[in-house]
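Only one structure is covered here, and it is reproduced in the block below.
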Number of protein chains: 2
Amino acid sequence: MALEHAILVSLLEQPASGYELARRFDRSIGRFWTATHQQIYRVLKRMESDGWVTAEEVGQDGRPDKRSWSATPAGQAALADWLRAPVQPEAVRHELAVKIRGAAFADRAGRAELIAEVERYRADHEAVLASYLAGERRDFPAPDPGDARAALQHVVLRGGIAYERMVLAWLDDVLATLRDLAR
Amino acid sequence: MALEHAILVSLLEQPASGYELARRFDRSIGRFWTATHQQIYRVLKRMESDGWVTAEEVGQDGRPDKRSWSATPAGQAALADWLRAPVQPEAVRHELAVKIRGAAFADRAGRAELIAEVERYRADHEAVLASYLAGERRDFPAPDPGDARAALQHVVLRGGIAYERMVLAWLDDVLATLRDLAR
DNA sequence: CTTGCCTATGCAACTCGTTGCATAGCAGGA
DNA sequence: TCCTGCTATGCAACGAGTTGCATAGGCAAG
């Protein structure tokens, strides 16, 4: 599994507590790798016993103490090994595609409800695209050819933007098809 | 979970044995919903006890007997209920994106190996796109406005085609970015 | 004639991931 | 003052998904 490696990347970019990691997985990283706080805490513990990460107790005032995690050299080496391994074929789970094919076996009312649901779904993706574009303007206003980390983060973000644009165009195609059947 | 519903859609399109379903999940349906034969057999059994599907023993000569499954009216009703429910947010697991951000913490040699791996990955997606386009020519040579099932299958396939084209364009962007860092 | 592959179904063990719950201090609003 | 919500960590139980293996007949190639 690769959750370990996603955590390593995140910690190398910036050390963090389990809680902070969980929020990153809700926001930025979670766009291409989801994880709940439970998984993160459990995996961090395993990674600690493997020597991939170390924790430092950080006292805070006005807030509970936290354990700030960093990747160790052994962790970075494990990441390097994993980078060299072949990319696993993705396990796709595209629920909406199943529903669209399922619409062939629904009645008029069911299809009308599906159209409404696709519209809601489309609005969600429009919001995601807007937040990606805002993030791009904020974090990458001018390309810096010397900054490898920024260049790599930016190309991943461009992938997210391209994905969302593709999804929106396809959803328009889906809506046109569904509406055509309703006539 | 939605594996039940993916199976219902597939059986409504065409009754099948567990084995045949597994092959469909390897090929066409598996492009947007993966499942192994183990999962399929187990879920079919549960669906049978829920009354969503029924089996018919089919003797074959030259081959082992099989159990041909069909969706029941109760199964079709369950599918209709599910179609009406909100689409769950997808759990994205995009390993390559993690690796690309991880490349910021790899050395020259590691990045060179990642470039080779991305090229291999790109070739895979090029092959998938070619097979989609061949399938489109084969199955949808001329649009038939009266055939709802075909129209819906076609729009899902167009989604797959759009996805693969987007991925290929993005991988070119990724390769250009990685090669730029190697200079 | 043996070896490997395809059809066809299934059990058992395991890992991964989710859900529900618990604790605990502090901040801000009704 | 009480209630809600945020930071921060974690246990326990469950369900989903994977991996390895087993069985069993037929077919084709070497």
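Please verify whether B:G146 is among the small types (G, A, S), assigned to a loop (DSSP other than H, G, I, E, B) and either at pLDDT below 95 or surrounded by 14 or more Cβ atoms within 10 Å (Cβ to Cβ) (or both), treating the condition exactly as stated. Outline the logic, then answer.
Working: among the small types (G, A, S): yes; assigned to a loop (DSSP other than H, G, I, E, B): yes; either at pLDDT below 95 or surrounded by 14 or more Cβ atoms within 10 Å (Cβ to Cβ) (or both): yes.
Taking the combined requirement at face value, the residue satisfies it.
Residues checked against (1) surrounded by fewer than 20 Cβ atoms within 10 Å (Cβ to Cβ); (2) among the small types (G, A, S); (3) within 9 Å of DNA strand D (Cβ to nearest atom):
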| position | (1), (2), (3) |
| --- | --- |
| A:M1 | yes, no, no |
| A:H5 | no, no, no |
| A:L11 | no, no, no |
| A:Y19 | yes, no, yes |
| A:A22 | yes, yes, yes |
| A:R27 | yes, no, no |
| A:Q38 | yes, no, yes |
| A:L44 | no, no, yes |
| A:E48 | yes, no, no |
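Among the numbered criteria (1) touching a residue at least 60 places away in the same chain (Cβ under 8 Å); (2) touching a Leu at 6+ places or on another chain (Cβ under 6 Å), which single criterion is violated by B:A148?
(1)
Failed condition for B:K45, given (1) within 15 Å of A:G102 (Cβ to Cβ); (2) within 12 Å of DNA strand C (Cβ to nearest atom), with all others met?
In the conditions (1) within 15 Å of A:G102 (Cβ to Cβ); (2) within 12 Å of DNA strand C (Cβ to nearest atom), B:K45 misses (1) alone.
Would you be able to say whether some residue in segment A:12-24 is farther than 30 Å from A:I161 by Cβ and away from DNA strand C (no atom under 14 Å from the Cβ)?
no
Among what's in segment B:50-61 and is in a loop (DSSP other than H, G, I, E, B) and exposed (fewer than 12 other Cβ atoms within 10 Å of the Cβ), pick the residue that is modelled with the highest pLDDT.
B:G59
Picking from B:V174, B:V167, which residue would you name as being assigned to a helix (DSSP H, G or I), surrounded by 14 or more Cβ atoms within 10 Å (Cβ to Cβ), more than 8 Å from chain A (Cβ to nearest Cβ) and not hydroxyl-bearing (S, T, Y)?
Every option except B:V167 fails the conditions.
Does segment A:126-140 contain any residue that is of a type in the set (S, T, N, Q) and more than 10 Å from chain B (Cβ to nearest Cβ)?
Scanning segment A:126-140 turns up at least one residue that is of a type in the set (S, T, N, Q) and more than 10 Å from chain B (Cβ to nearest Cβ).
Scanning segment A:86-109 for residues that are outside any loop (DSSP other than H, G, I, E, B) and surrounded by fewer than 17 Cβ atoms within 10 Å (Cβ to Cβ), which turns out farthest from the other protein chains (Cβ to nearest Cβ)? Spell out the reasoning first.
Kept after step one, since they are outside any loop (DSSP other than H, G, I, E, B), are these residues of segment A:86-109: A:93, A:95-105, A:108-109.
After this cut, where a residue has to be surrounded by fewer than 17 Cβ atoms within 10 Å (Cβ to Cβ) as well, the list is A:108-109.
Working: A:R108: 11, A:A109: 9 Å.
Top of the filtered list is A:R108.
Being part of a loop (DSSP other than H, G, I, E, B) and over 18 Å from B:R101 (Cα atoms), is that true of even one residue in segment A:28-38?
There is at least one residue in segment A:28-38 that is part of a loop (DSSP other than H, G, I, E, B) and over 18 Å from B:R101 (Cα atoms).
What single numbered condition from (1) at the interface with chain A (Cβ under 7 Å from one of its Cβ atoms); (2) more than 16 Å from DNA strand D (Cβ to nearest atom); (3) under 30 Å from A:E13 (Cβ atoms) fails to hold for B:L83?
All conditions are met except number (3).
So that you can scan it fast, the table gives a plain yes or no per residue for (1) in contact (Cβ under 8 Å) with a residue 40 or more places away in the chain; (2) not basic (K, R):
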{"residue": "A:A35", "(1), (2)": "no, yes"}
{"residue": "A:K45", "(1), (2)": "no, no"}
{"residue": "A:G51", "(1), (2)": "no, yes"}
{"residue": "A:V92", "(1), (2)": "no, yes"}
{"residue": "A:K99", "(1), (2)": "no, no"}
{"residue": "A:Y121", "(1), (2)": "yes, yes"}
{"residue": "A:L129", "(1), (2)": "no, yes"}
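Just to be sure I understand, how many residues within segment A:146-164 are more than 16 Å from B:R101 (Cα to Cα) and at the interface with another protein chain (Cβ under 9 Å from one of its Cβ atoms)?
2
Only one of (1) surrounded by fewer than 19 Cβ atoms within 10 Å (Cβ to Cβ); (2) within 16 Å of DNA strand C (Cβ to nearest atom) is not met by B:A123, so which one is it?
For B:A123, the exception is condition (2).
The values are calculated or read from the model by the stated rules, or taken from the named source; none is laboratory data. Being a predicted model, the structure only gives us computed values, none of them experimental. Virtual Cβ from ideal backbone geometry, glycine too; neighbours counted across all protein chains shown.
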